[in-house]
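K.L.:
Got a structure here, written out as structure tokens. Questions coming.
Bear in mind that the values in this text are calculations on the coordinates, not laboratory data. Being a predicted model, the structure only gives us computed values, none of them experimental. So basically every Cβ, Gly included, is an ideal-geometry build from the backbone, and we count neighbours across all protein chains shown.
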Amino acid sequence: MRPPRRGEVWLVDLGMTAKVRPCAVVSVAIEDEDRALVTLIPHTTSVRHTQFEAAVPVSFLKAGAFDAQGLVTVPLPYAIRPLGNLAADQIRAIEIVICRWLGLPT
């Protein structure tokens, strides 16, 4: 299977604690010499309406938000299957909450 691409939403095994859940890919494409890792922002249906959540409507997901406080980097085999793609404005909304969480300029 091909590696996940930035802006895609994948079903990902985040381990026993975080379980299998949809995640948006936020890392860039990797080259052969790079580590086989992907950075993700998980989607949750347990929305808390914090400043670090991007509540972007996605037709193929239940209502919820992408939570920047859950940013995670995992090996490529943890990505189970693609679910769909995000639009440019949805990706930008996610980038904004990630920058806010990491204290980076938007």
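K.L.:
If you filter region 1-51 for GluC sites (Glu not before Pro), then keep DSSP loop positions with at most 15 other Cβ within 10 Å, what is left? Please report the intermediate quantities before stating the final value.
P.N.:
Numbers: sites: 8, 31, 33; in loops: 31, 33.
Answer by residue number: 31, 33.
K.L.:
With 10 angstrom as the radius, rank 49, 43 by how many other C-beta atoms surround their C-beta, starting from the fewest. Can you show the working numbers first?
P.N.:
Details: 49 7, 43 24.
By the 10 Å Cβ count, ascending, the order reads 49, 43.
K.L.:
Additional query: For the chain, what value does the Rg/Rh ratio take when both radii are computed over Cα atoms and Rh is the Kirkwood radius, given to two decimals?
P.N.:
0.94
K.L.:
Which chymotrypsin sites (Phe, Trp or Tyr not before Pro) in region 21-106 sit in a loop by DSSP (not H, G, I, E or B) and have at most 16 other Cβ atoms within 10 Å of their own Cβ?
P.N.:
Passing both the DSSP loop test and the Cβ count: 60.
K.L.:
Output the 0 to 90 degree angle, nearest 10, between the alpha-carbon long axis of helix 88-102 and the longest principal axis computed from the alpha carbons of the chain.
P.N.:
The answer is roughly 80 degrees.
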